[in-house]
Amino acid sequence: MYQSLLRQQLELLKSSNQYRTFTTLSRICGQYPFAKLNGEQPDPVVVWCSNDYLGMSQHPTVREQMHLALETYGAGSGGSRNIGGSYELYERLEASLADWHDKEAALVFPTGFGSNDATLQCLLRQIPDCVVISDALNHASIVNGIRATPNERQVFRHNDVEHLAQILSRYPIGQPKLVVFESIYSMDGDIAPIADIVEVAKRFNALTYLDEVHAVGMYGARGAGIAAELDLVDKIDKIDIIQGTMAKAIGVIGGYIASTRVIVDAVRSFATGFIFTTSLPPAVTAGCLASVEHLKSSDDERQKLQINTALLRERLKQHDIPVMPCSQTHVLPVLVGDAERCKVAALRLLHTHGVYLQPINYPSVPVGTERFRVNATPNHSQAQIENLAVCLRETFDHFAIPLASKTFTSEVA
Ligand SMILES: Cc1ncc(COP(=O)(O)O)c(C=O)c1O
């Protein structure tokens, strides 16, 4: 019975074009963004949709520090933070993250997903009667954390500050409220009006929680994210909790929050998703620390990312590729608008052109807005960028996918 129930669910998923298949790609150390398809094909493919946004997963210093920690401490951490899993490197990493975000303290989790899920659950359970108000496009990890609690929840329209203010105004000023949003939304590449959201939240006496997962490492003078980039120094104080990941631009794995000592201590003390899990291995912690420290002082990767992103944007525009105008960042969403065509176009790009782009379908994006999520990194060459634009155009023409001039009435950004 159980097998057939689950098989039915899988069939349903397949018939709606939402069934996910994995592409087996083995990245080649030292040759980023090249990867071997299925580990066997002689010619590597070029990866264009990795969250290793700055290529830090292959950075020599990061690898060196990981090797060193592995040989010094061994493979695993041996326990949860409370039972033997808190080693010196952890303290240094948390101090480094707190300093990065100009906060009193930071707390590291095994994943970014876990840090959102555990922290939001914890705050909502520990603050009596706290209403949570969440942006409509917040990530699944945020939604998961919120839904796991019985607290009253409200959703404000994406980046709509007026709507947020309307919702907040319905509650007494003394009632606890938590406003949760992201700085960069990874499917559209747009940026939240952080200053306005924080201003409204504070006017109504709400706590603010900002997910900077797709920004840390890449924006701001020391790479501390969009809030830092926008020079919201006086506002950063008012962003009560900053959440980030070390799995994307940092190039390793692990999530974290940075906040006041009291908030971090409360999450450390009450969040079940933090307490009852094994801490990160020493080599991973060492890699994260090396990467964060490097990105605090080196602007090189950020500058190259900006240059390559601008070039890619320009070349895609030249070839009439429909980059969605909402994009303001390194994430360039290329609209296909149909799940089936997105799938066949991805296969052609991969097998004919040696280009890896993963189709992005519902539920990650609304039906009818299926897309490729393209991002250049500092490691992509100019020739690779030129070639991508040509290959995309050939593929769009081959499947008669509408080009930018047909898709958007106003000019593509
Ligand atoms: C906005 C956002 N928050 C959190 C996460 C989870 O981070 P991690 O991949 O480190 O678990 C993601 C992952 O893609 C994300 O996009």
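Before moving on, here are some points about what is shown:
Residue-wise test of (1) aromatic (Phe, Trp, Tyr); (2) within 16 Å of the ligand (Cβ to nearest atom); (3) in contact (Cβ under 8 Å) with a residue 12 or more places away in the chain.
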{"position": "253", "(1), (2), (3)": "no, yes, yes"}
{"position": "256", "(1), (2), (3)": "yes, yes, yes"}
{"position": "300", "(1), (2), (3)": "no, no, yes"}
{"position": "307", "(1), (2), (3)": "no, no, no"}
{"position": "318", "(1), (2), (3)": "no, no, yes"}
{"position": "329", "(1), (2), (3)": "no, yes, yes"}
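- Checked against the criterion of being out of contact with any strand residue (DSSP E or B) (no Cβ under 8 Å at 6 or more places or on another chain), surrounded by 13 or more Cβ atoms within 10 Å (Cβ to Cβ) and among the basic types (Lys, Arg), region 123-133 has at least one qualifying residue.
- Counting only residues that are within 16 Å of the ligand (Cβ to nearest atom) and under 26 Å from residue 333 (Cα atoms), region 156-187 holds 10 of them.
- Only one of the numbered conditions (1) out of contact with any Asp or Glu (no Cβ under 6 Å at 6 or more places or on another chain); (2) surrounded by 23 or more Cβ atoms within 10 Å (Cβ to Cβ) is not met by residue 408, and that is (2).
- Scanning region 188-241 for residues that are within 16 Å of the ligand (Cβ to nearest atom), assigned to a helix (DSSP H, G or I) and free of Cβ contacts under 8 Å to residues at least 40 places away in the same chain gives a single hit, 197.
- Of the candidates 192, 165, 148, the single residue that is buried (at least 19 other Cβ atoms within 10 Å of the Cβ) and of a type outside the set (Phe, Trp, Tyr) is 192.
- Any hit, region 83-98, residues being closer than 19 Å to residue 286 by Cα, exposed (fewer than 13 other Cβ atoms within 10 Å of the Cβ), over 26 Å from the mean Cα position of the chain (by Cα) and β-branched (Val, Ile, Thr): no
- Checking 272, 245, 260 one by one, the residue that is within 16 Å of the ligand (Cβ to nearest atom) and hydroxyl-bearing (Ser, Thr, Tyr) is 245 and no other.
- Hits in region 105-128 (condition: in a loop (DSSP other than H, G, I, E, B), away from the ligand (no atom under 16 Å from the Cβ) and either modelled with pLDDT under 95 or closer than 20 Å to residue 85 by Cα (or both)): 128
- Scanning region 41-71 for residues that are assigned to a helix (DSSP H, G or I), within 14 Å of residue 247 (Cα to Cα) and of a type outside the set (A, V, I, L, M, F, W, C) yields a count of 2.
The values are calculated or read from the model by the stated rules, or taken from the named source; none is laboratory data. This one's a predicted model, so the numbers in the text were calculated from it and none came from an experiment. Here Cβ is always computed from backbone atoms with ideal geometry, including for glycine, and neighbour counts include all displayed protein chains.
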